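Remarks on the structure that follows.
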């Protein structure tokens, strides 16, 4: 019993030593407690009762350059220090002078539930952890480009915050101890566009942002860390970009409205539960991905994954566990090249799979939401995506006739008849000539034709996605 008491006392003493105490040099002037170091003033605590606060640029002729204390205008949960509830709940707006460069104090405005406006000057370079945490009335904050360092949980639980600007100088959307996300719990945030220059989206950065519908990543983002967008239940559109390499654990877990996603061809690793509980039915894993977890598309104890088809390349390495636990995906079929690790592992564990060598294709074609398998892979020739003619015609429901003597292929569907000859750049649609940028040509024993020209001749819409190298045909 004594040992337990001593252990508890030691833990308490250690914890207390980690919480900074007010500096012995603290001074007071008007509504402020401050300290003076090297002829510069650091604001430690607000002592007034005003609703609209204008922080002075100097105190006793010394410039105010830092707001550095725990809970200087709010209440820091971490330290248990700050101003009274009455004071912090009275604050409506704060104007910070251009002399301030450092706002590194923890929870400076934390819990100021009626704060609606903060003006941060273009002199501030540092924002501390949890600086606006729990400011539930704050609707907008403009972060100046001068900021180069941002702590964790800066806007956590700012439930009215619907928009935010990013400083151009930051390279990481931060996380921190306990995976406290930058915008975690910002339930009014609807759109996020990660600017050029940001390389990492930290763990839990936007988790629990339940109103978030659209996320767009710039080409500089290389990593989405664990739980970055976990529980964003309204998210329907994720626009990743070339350059992304890793998608972390539960990065989009619990995004129950996310029905489709395009994985960039630059991705190497997709981690555990990265898309857990997302209602994704079909997904293409691009050539080059080396690691994918058997639970990538499910959450713990979830046996109701919507996944029906997943296309997996031979680049996936043996360290992956794909195929071991298919009971996680009761209706899923894995498509994989012959001899690939995925095919071998599925066979070993008696899991449903189909050999499809076109899973190694650098380019994929999707028709009305379903990927087309080819016996000769699509190729880009002179800037045009060429696909096997018969496969594309038959997928679109056209009859195909090949004349070996004239080397002319004819396809018909409904009231449309198309014909073209090998080596010719002229396509005939119901007898009317159309010039092709690239002529039909024989590759690997198959007649290859420009996908766009053929599909559009039958009235279909064609779009090219340069992130996943996918041709989408829809009608």
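Assuming 0.36 nm per residue, please report the length gained on full extension of the stretch residue 98 to residue 58 beyond their Cα-Cα distance.
Gain on stretching residue 98 to residue 58: 13.3 nm.
Between residue 222 and residue 379, the distance separating the two model label sites (each 7 Å from Cα on the Cα→Cβ line) works out to 3.3 nm. The order of the peptides 95-105, 222-232, 272-282, 424-434 by mean Cβ neighbours within 10 Å, most packed first, is 222-232, 272-282, 95-105, 424-434. With contacts taken as Cα pairs under 8 Å at a separation of at least 6 residues, region 208-310 carries a relative contact order of 22 percent. For the chain, the longest principal axis of the C-alpha atoms and the axis of helix 2-18 are separated by about 90°. Here Cα Rg over 2.2 N^0.38 Å was computed from the coordinates, and among [x] 1.21; [y] 1.29; [z] 1.14 the match is [y]. Sorted on the mean count of surrounding Cβ atoms within 10 Å across their residues, most packed first, peptides 48-61, 133-146 read 133-146, 48-61. A helix-only calculation puts the chain at -2500 deg cm²/dmol for mean residue ellipticity at 222 nm, using -39500 (n - 2.57) for each DSSP H run of at least four residues, averaged over all residues. Go ahead and run the numbers for FRET between residue 410 and residue 331, Cβ-Cβ distance against an R0 of 56 Å, rounding to 0.05. Efficiency computed from Cβ-Cβ geometry: 0.90.
What is the gain in length, in nm to one decimal, between residue 245 and residue 38 on full extension, counting 0.36 nm per residue of separation less the C-alpha to C-alpha distance?
Between residue 245 and residue 38, full extension yields an extra 70.0 nm.
Throughout, read-outs are computed from the coordinates displayed, never taken from laboratory work. Predicted model only: the values in this text are computed from it and were never measured. Methodologically, a virtual Cβ is constructed for each residue, glycine included, from the backbone with ideal geometry; neighbour enumeration extends over all protein chains shown.
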